[in-house]
Amino acid sequence: MAKPNLHLLSFLFFFTTFLGLFNCASSLINPEDVSSWLALEETEDVNMVQTQRDSWKKCDFSVGKWIFDQTYPLYDSNCPYLTTAVTCQKNGRPDSDYEKWKWKPLGCSIPRFDALKYLGKMRGKRMMLVGDSIMRNQWESLVCLVQGVIATDRKKDFETSIEFFWAPLLVELKKGSNNKRILHLDLIEENARYWKGVDILAFDSAHWWTHSGQSSSWDYYMEGNSIITNMNQMVAYEKGVSTWAKWVDLNLDPRKTRVIFRSMAPRHNRQNGWKCYNQRQPVKYFSHLHVPGPLVVLKGVLKRMRFPVYLQDITTMTAFRRDGHPSVYSKAISEKERQKQGNGQSSDCSHWCLPGVPDIWNEMLSAWL
């Protein structure tokens, strides 16, 4: 079958922030997605998950419990890098305890985020967070954790770049004939060419792969010249992540680049997105822990890689935090208007209020670095 005439709807943009070298870079399938991305002791122990090598485990960060800590948060919702959709306090959320929980792994502790120490480790380096709007959530958290403690006259001393790159599926999504959207499971270079030369790459990709029906971002799949109209979502996900893994194995040097893949953050959006509404405490326990399909697939792909990849497994720890979502506080409206809208308004149980849960993901990330 002849390959359709395809064109890529993507672009790259950068903006410079306080550090002088904080950047946000996005490769966009649809430019509208930029504005609508919502539709206690220090230790050097780190859980290192490597591919095709015996893992050494001094501390498993993924197993533990949430501890209430009044010394948190480490910044406030006035951080200039936060988008309105995650500034839940500014948007009228009446409680703030969700900002004060710290993750305590069993058998060790995650060091409190130290911005100066982090920048010292990152001096002269580029870090890029690649993925979807949840990774954008994490990027906003990271730059807010860093920027607040740096004196204005020292902003440029560190020559550090912290960037975000929009690639929710990692592989290429293009427009074909009749304006049909094609997800190319075996093509990645249009995105990946921007990842070369980066010192630390952090990836996520899961949520968009689980969309179906009208919420799906593509009309059909393509491998080589073959068009596929139906495919099991997890089979497609494995193919897409395997394309990413092959690119990493062939194009990156572990002596020069470190790679992290963060597991998916659970969504608490059952009951049409209202399961997280008015939740003010973490879940205390689960009678049964469900391991999401994308995490099972991801672990299998990473094990087959030659390149050593650190799996940052935040899935179970984050599943406890249904209190951490924006819910109805993703925009600033009056309480009277909020009550008037009632169940008719949307409730975001996918993204995370900031300050909040992603700050702890970044403490884990900093400890690993």
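Among the residues of segment 346-364, those that are farther than 19 Å from Thr71 by Cα and either basic (Lys, Arg) or buried (at least 23 other Cβ atoms within 10 Å of the Cβ) (or both) comprise Asp348, Cys349, His351, Trp352. Among the residues of segment 99-154, what is the count of those that are more than 22 Å from Gln312 (Cα to Cα) and within 21 Å of the chain's Cα centre (by Cα)? Total satisfying the criteria: 1.
Going residue by residue through segment 115-125, is there one that turns out to be part of a strand (DSSP E or B) and either of a type in the set (Ser, Thr, Tyr) or in contact with a helix residue (DSSP H, G or I) (Cβ under 7 Å, 6 or more places away or on another chain) (or both)? No. Phe164 falls short on exactly one of the conditions (1) within 25 Å of Phe113 (Cβ to Cβ); (2) in a loop (DSSP other than H, G, I, E, B), and that condition is (2). Please state which one of Asp199, Asp186, Asp204, Asp253 is surrounded by fewer than 21 Cβ atoms within 10 Å (Cβ to Cβ), within 22 Å of the chain's Cα centre (by Cα) and of a type in the set (Asp, Glu). Testing whether each residue is surrounded by fewer than 21 Cβ atoms within 10 Å (Cβ to Cβ), within 22 Å of the chain's Cα centre (by Cα) and of a type in the set (Asp, Glu) leaves just Asp199. For segment 207-245, the tally of residues that are within 16 Å of Leu298 (Cβ to Cβ), crowded, with 16+ Cβ neighbours inside 10 Å and not polar (S, T, N, Q) stands at 11.
When Phe261, Phe307 are screened for being closer than 26 Å to Ala367 by Cβ, in contact with a strand residue (DSSP E or B) (Cβ under 7 Å, 6 or more places away or on another chain) and in a loop (DSSP other than H, G, I, E, B), only Phe307 passes. Quick one: in segment 83-96, which of the residues that are in a helix (DSSP H, G or I) and open to solvent by less than 60 Å² (accessible area, probe 1.4 Å) is farthest from Cys144 (Cα to Cα)? For segment 83-96, the residue satisfying everything is Ala85. You will find that of Lys104, Lys117, the residue that is within 20 Å of Arg262 (Cβ to Cβ) and open to solvent by 30 Å² or more (accessible area, probe 1.4 Å) is Lys104 and no other. The numbered conditions (1) part of a loop (DSSP other than H, G, I, E, B); (2) open to solvent by 40 Å² or more (accessible area, probe 1.4 Å); (3) closer than 29 Å to Asn278 by Cβ are all true for Pro80 except (3).
The values are calculated or read from the model by the stated rules, or taken from the named source; none is laboratory data. What you are looking at is a predicted structure, and each value in this text was computed from that prediction instead of being measured. Positions of Cβ are backbone-derived with ideal geometry, glycine not excepted, and every protein chain shown enters the neighbour counts. Remember, those area values only see protein heavy atoms, side chains included, never the ligands or the DNA or RNA. Shrake-Rupley method; radii C 1.70, N 1.55, O 1.52, S 1.80 Å.
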